[in-house]
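Asks: Supplied in structure tokens, the structure appears directly below.
Please treat every number below as a calculation from the coordinates, not as lab data. All figures in this text were calculated on a predicted structure; none of them were measured in a lab. For neighbour counting, all protein chains shown are included, and Cβ atoms are generated from backbone atoms with ideal geometry for every residue, glycine included.
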Amino acid sequence: MYTLPTLPYAYNALEPYLDAQTMEIHHTKHHKAYVDNLNKALESASISGPDDPIELMQQIQSLPASIQTAVRNNGGGHVNHSFFWETLSLRGPKEPSGKLAEAIQASFQIVEAGQTRLNFKAQFAQAAMSRFGSGWAWLGVKKDHSLCVCSTPNQDNPWMQGLVDLHCTPILGLDVWEHAYYLHYQNRRAEYVEAFWNVVDWSVVEKRYEAALRA
Ligand code: MN
């Protein structure tokens with residue numbers, strides 16, 4: 001049985017960028033529903049998934065066909081939200097450093113009209129903005145250790161091997177479902193995406209990057 005993780009901060013801890021009411025509903029209603037429905041689906045097939053729900057994503061194609069869609073939507077929802085909450089903090093470094101900063105430079109530096117600039121946040125915003133309807137934007141590590149930006153619809157994620165044709169290990173994800181921002185930002189997804197950088201704890205992303213290099 002999977003359980004709703006407790007957030008390591010108060011619902012108002014990320015204000016003014018993420019408001020308390022959105023955080024509370026997002027965690028106690030949306031995320032909880034994904035966990036409950038994931039457990040129901042697994043119970044219906046008498047399956048107990050691996051302790052780490054990311055492994056469940058990686059094995060999704062070996063699950064009975066009768067529950068694959070439910071696990072895709074609700075297991076995806078559980079994994080994606082848990083992953084998202086872990087990176088959020090008002091404190092913590094607001095820029096990447098070390099090996100991750102070097103990898104971002106190497107992967108997203110572009111030369112335009114003779115000027116060198118970093119195209120990372122613009123590409124990430126593009127992925128978040130161009131996802132029609134609901135989904136997620138991701139920063140991921142490819143097999144050659146370079147970084148990429150991508151997005152998935154609904155609660156899909158790059159861990160869903162065989163279902164999602166993205167060959168990377170995510171290290172940062174942004175929820176672009178309207179439920180993640182509508183109360184505060186209404187239809188202004190671009191403002192929400194921009195505000196996200198104020199609540200990313202890059203030390204968490206760096207740890208994930210280092211783990212991906214070792215994998
Ligand atoms: Mn969400």
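Asks: Report the full-extension gain for the segment Leu163 to Gln59: residue separation times 0.36 nm, less the Cα-Cα distance, to one decimal in nm.
Replies: 36.4 nm
Asks: Residue by residue through region 192-204, what is 3J(HN,Hα) from phi via Karplus (6.51 cos²θ - 1.76 cosθ + 1.60, θ = phi - 60°)? Round to whole Hz and write x for glycine and proline.
Replies: 5, 4, 5, 5, 3, 4, 6, 10, 7, 9, 5, 5, 5
Asks: What distance in nm separates the simple spin-label points at Ser44 and Ala106, each placed 7 Å from Cα in the Cβ direction?
Replies: Calculated label separation equals 4.6 nm.
Asks: What does the extension gain come out to for Gln186 and Ser130, with contour length at 0.36 nm per residue minus their alpha carbon separation?
Replies: On the way: separation 56, 0.36 × 56 = 20.16 nm, distance 1.71 nm.
Working it through step by step, the gained length comes to 18.5 nm.
Asks: Remind me, what semi-axes does region 119-211 give for its equivalent ellipsoid, largest first in whole Å, using sqrt of 5 times each Cα gyration tensor eigenvalue?
Replies: Equivalent ellipsoid semi-axes, largest first: 22, 16, 11 Å.
Asks: Cα extents of the chain along the three principal axes, largest first, in whole Å?
Replies: 60, 39, 30
Asks: So, one more: If packing is taken as the mean number of other Cβ atoms within 10 Å per residue, what is the order of 16-25, 108-117, 154-163, highest first?
Replies: 154-163, 16-25, 108-117
Asks: Let me ask something else. Give the span of region 30-124's Cα atoms along each principal axis, as three whole-Å numbers ordered largest to smallest.
Replies: So the extents along the principal axes, rounded to whole Å, are 59, 30, 22.
Asks: Ignoring solvent entirely, what values of log10 I(q)/I(0) come out of the Debye formula for region 1-62 at 0.15, 0.23, 0.26 Å⁻¹ when each Cα is a single scatterer?
Replies: Evaluating at q = 0.15, 0.23, 0.26 Å⁻¹ gives log10 I(q)/I(0) of -0.57, -0.93, -1.06.
Asks: Can you tell me the dipole magnitude for the chain around its Cα centre, using point charges on the Cβ only (Lys, Arg +1; Asp, Glu -1), in Debye to the nearest 20?
Replies: 220 debye
Asks: Roughly how many nanometres apart are two label points built 7 Å out from the Cα toward the Cβ at Ser66 and Lys142?
Replies: About 4.1 nm, to one decimal.
Asks: Okay, moving on. Within region 36-70, whose backbone N sits under 18 Å from a point 7 Å along Cα→Cβ of Met1?
Replies: Answer for this model: 36-53.
Asks: Can you pull the one-decimal nm distance between simple spin-label points at Ala215 and Arg91, each 7 Å off the Cα toward Cβ?
Replies: For Ala215 paired with Arg91, the spin-label model returns 2.8 nm.
Asks: On a 0 to 90 degree scale, rounded to 10, what angle separates helix 98-108 from the longest Cα axis of the chain?
Replies: Tilt relative to the chain: about 80 degrees.
Asks: Mind pulling the angle between the C-alpha long axis of helix 120-130 and the longest principal axis of the chain? Nearest 10 degrees, somewhere in 0 to 90.
Replies: Compared with the principal axis, the helix lies near 50 degrees.
Asks: Taking neighbour Cβ counts within 10 Å as the exposure measure, how do Ile67, Ile47 sort from fewest upward?
Replies: Ordered from fewest to most neighbouring Cβ atoms within 10 Å, Ile67, Ile47 come out as Ile47, Ile67.
Asks: Take Ser62, Ser107, Ser203, Ser44 and order them by how many other Cβ atoms sit within 10 Å, fewest up front. All intermediate terms of the calculation are to be shown ahead of the outcome.
Replies: Working: Ser62 9, Ser107 19, Ser203 16, Ser44 12.
By the 10 Å Cβ count, ascending: Ser62, Ser44, Ser203, Ser107.
Asks: Separate question: Would you please give the residues with an amide H less than 5 Å from that of Val200, counting only those at least 5 places away or on a separate chain, with H modeled from the backbone geometry?
Replies: It is Ser89, by chain and number.
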